[in-house]
Amino acid sequence: QVQLVESGGGLVQPGGSLRLTCAASGSIFSINDMDWYHQPPGKQRELVAAITSGGIANYADSVKGRFTISRDNAKNTVYLEMNSLKPEDTAVYYCHAIVRRLGAPVTYSYWGQGTQVTVSS
């Protein structure tokens, strides 16, 4: 099996910064896209940022210029650097990855357990 474990969430004041980390482990042959989603209180989960295995990144309009997604393929890890945080960034942040497992001819979708980010003074 494959596990995604997020870390780095917490409470931060408006204008502050946080760095989220998601490490994938288990029977991994390769990882295609790795993404960060968030789910604000009372709202649906939505895509924040995505990065391909080749390092091409895309962002939701609401975070462009403030968030940066990156990955370390050797460590099967994806990061989300969040700057100039706003109260509306408050949400549970989830890591997602498309993984090809060892010995499997197809890819599977995996989710982390989520990490809370609260932006408040």
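Side notes on the structure shown:
- Any hit, region 49-63, residues being touching a residue at least 40 places away in the same chain (Cβ under 8 Å), over 20 Å from G15 (Cα atoms) and outside any loop (DSSP other than H, G, I, E, B): no
- For region 2-42, taking the residues that are among the aromatic types (F, W, Y) and open to solvent by 40 Å² or more (accessible area, probe 1.4 Å), the one that is modelled with the highest pLDDT is identified as Y37.
- Search result, residues across region 91-110 that are within 23 Å of P41 (Cβ to Cβ) and open to solvent by 30 Å² or more (accessible area, probe 1.4 Å): V92, Y94
- Qualifying residue in region 53-70 (condition: within 10 Å of the chain's Cα centre (by Cα), within 15 Å of V2 (Cβ to Cβ) and open to solvent by less than 80 Å² (accessible area, probe 1.4 Å)): no
- Filter result for E81 (on the phi < 0 side of the Ramachandran plot, of a type outside the set (K, R) and exposed (fewer than 14 other Cβ atoms within 10 Å of the Cβ)): no
The values are calculated or read from the model by the stated rules, or taken from the named source; none is laboratory data. Bear in mind that the values here come from a model prediction, so they are computed numbers and not experimental data. Reconstructed Cβ throughout: ideal geometry from the backbone, glycine too, with neighbour counts over all protein chains shown. Only protein heavy atoms, including side chains, enter the accessible area calculation; ligands, DNA and RNA are left aside. Shrake-Rupley method; radii C 1.70, N 1.55, O 1.52, S 1.80 Å.
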